[in-house]
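Enquirer: I am attaching a structure below and will ask some questions about it afterwards.
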Amino acid sequence: MQRWTIVFFARVNKGVKLTMSDCIFCKIINGDFNTEFVYENEYAVVFKDINPKADIHLLVVPRKHVESLNELDDEILLGKLMMTVKNATKKLGIKSYKTLINTGKEAGQEVFHLHIHILSGKMHF
Ligand code: AMP
């Protein structure tokens, strides 16, 4: 049985409504919204946040669905995501920036597909 199938059944069994087919970032990665990727590689895509909180606000999103940092058990992927931050900002000429990972509802996580915010320039809050 495929891993995703197992995950799907696990969610159904727990009565959790959100599945990958309901995940906005999975849909973006699948190209459902024609979102422009300002950078991408084998592990992640990078696109502009729809509601920017800074002059430049990008999201680094793993292609693999992981709900949050708490569910991530893949050290290699974590490293690849941080290298994606570095390589994307370098390619885009962003020299100075903050990174942020909201983990959990109380911390402000709204989209439960792991992502790293890249914020640069003047903050909008
Ligand atoms: P978080 O609060 O850390 O879960 O961040 C989720 C971010 O995703 C927010 O900053 C939203 O503005 C952003 N967002 C939600 N939907 C979209 C979308 N369709 N395209 C781009 N960014 C989005």
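A short reminder: the numbers here are calculations on the coordinates, not readings from a lab. Treat the numbers as computed from the prediction; the structure is a model and nothing was measured. Please note: Cβ atoms are built from the backbone with ideal geometry, for glycine as well, and neighbour counts cover all protein chains shown.
Enquirer: Which ³J(HN,Hα) values in Hz, rounded to whole numbers, follow from the phi angles of segment 105-118 under the Karplus curve 6.51 cos²θ - 1.76 cosθ + 1.60, where θ = phi - 60° and Gly and Pro get x?
Expert: 4, 5, 8, x, 5, 10, 10, 8, 9, 2, 7, 10, 7, 10
Enquirer: I need D22, D74 ordered by Cβ neighbour count within 10 Å, fewest first.
Expert: D22, D74
Enquirer: Kindly identify segment 7-123 as rounded, prolate or oblate by the Cα gyration tensor criterion: order the square roots of the eigenvalues as a ≥ b ≥ c, call it rounded if a/c is under 1.5, otherwise compare a/b with b/c, prolate if a/b is larger, else oblate.
Expert: In terms of gyration-tensor shape, prolate.
Enquirer: Got a sec? Which residues in segment 87-125 would a label at D55 touch, if it sits 7 Å along Cα→Cβ and we count backbone N under 17 Å?
Expert: Taking a point 7 Å out along Cα→Cβ of D55, the residues of segment 87-125 whose backbone N falls under 17 Å are 89-90, 92-99, 118-125.
Enquirer: Could you sort out which of K53/K91; K27/K95; K86/K122; K53/K98; K27/K48 sit more than 23 Å apart by Cα distance in this structure? Don't jump to the answer; show the numbers that get you there.
Expert: Numbers: K53/K91 21 Å; K27/K95 30 Å; K86/K122 20 Å; K53/K98 12 Å; K27/K48 15 Å.
Violating the 23 Å limit, Cα to Cα: K27/K95.
Enquirer: Scan around Y39 for amide H atoms under 5 Å from its own, H built in the peptide plane at 1.01 Å from N, and keep only partners 5 or more places away or cross-chain.
Expert: V46
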